[in-house]
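The values are calculated or read from the model by the stated rules, or taken from the named source; none is laboratory data. Computed from a predicted structure; not experimentally measured. We place every Cβ from the backbone using ideal geometry, glycine too, and count neighbours over all the protein chains shown.
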C-alpha cells in the first residue's frame with residue numbers, strides 16, 4: 001500500500017488553495033494534468049482520486065499551481081504533538 005501524498009492546488013480567482021490527500025504519485029498527477037490540458041475534445045478536467053476513495057474534479061485550464069508534499073505516514077500517539 002502506498003502512503004498518502006498531500007497535493008495543494010491553486011485555482012485562478014480563488015483565494016484559498018485546494019488540499020487533497022491522494023494515493024497517486026506526483027508523476028501520475030503531472031501526467032494526468034498534461035493529458036487533460038492537451039485534450040482537444042472538450043473541457044480540460046483533472047480527476048484526482050482521494051485517499052478515502054472519493055474523486056475531485058478540477059478544471060485543468062483554471063489551475064494556477066500544483067504543490068506536492070512529501071509522503072505522509074500516519075503518526076499515532078504522543079509523538080504527533082509538537
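Table for the structure above
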{"quantity": "In the range 16-36, the residues that are more than 15 Å from residue 59 (Cα to Cα) and in a loop (DSSP other than H, G, I, E, B)", "calculated": "16, 23, 24, 25"}
{"quantity": "Some residue of the range 50-58 being modelled with pLDDT under 95, surrounded by 14 or more Cβ atoms within 10 Å (Cβ to Cβ) and in a loop (DSSP other than H, G, I, E, B)", "calculated": "yes"}
{"quantity": "Top-ranked residue of the range 21-39 - restricted to ones that are out of contact with any helix residue (DSSP H, G or I) (no Cβ under 8 Å at 6 or more places or on another chain) and more than 15 Å from residue 7 (Cα to Cα), ranked as surrounded by the fewest Cβ atoms within 10 Å (Cβ to Cβ)", "calculated": "38"}
{"quantity": "The range 40-49 - residue that is surrounded by 12 or more Cβ atoms within 10 Å (Cβ to Cβ) and farther than 15 Å from residue 10 by Cα and, of those, farthest from the chain's Cα centre (by Cα)", "calculated": "44"}
{"quantity": "Residue 38 being free of Cβ contacts under 8 Å to residues at least 60 places away in the same chain and either at positive phi or out of contact with any strand residue (DSSP E or B) (no Cβ under 9 Å at 6 or more places or on another chain) (or both)", "calculated": "yes"}
{"quantity": "Answer residue from the range 3-15, given it is more than 11 Å from the chain's Cα centre (by Cα) and either touching a residue at least 60 places away in the same chain (Cβ under 8 Å) or not in a loop (DSSP other than H, G, I, E, B) (or both) and is surrounded by the fewest Cβ atoms within 10 Å (Cβ to Cβ) among those", "calculated": "3"}
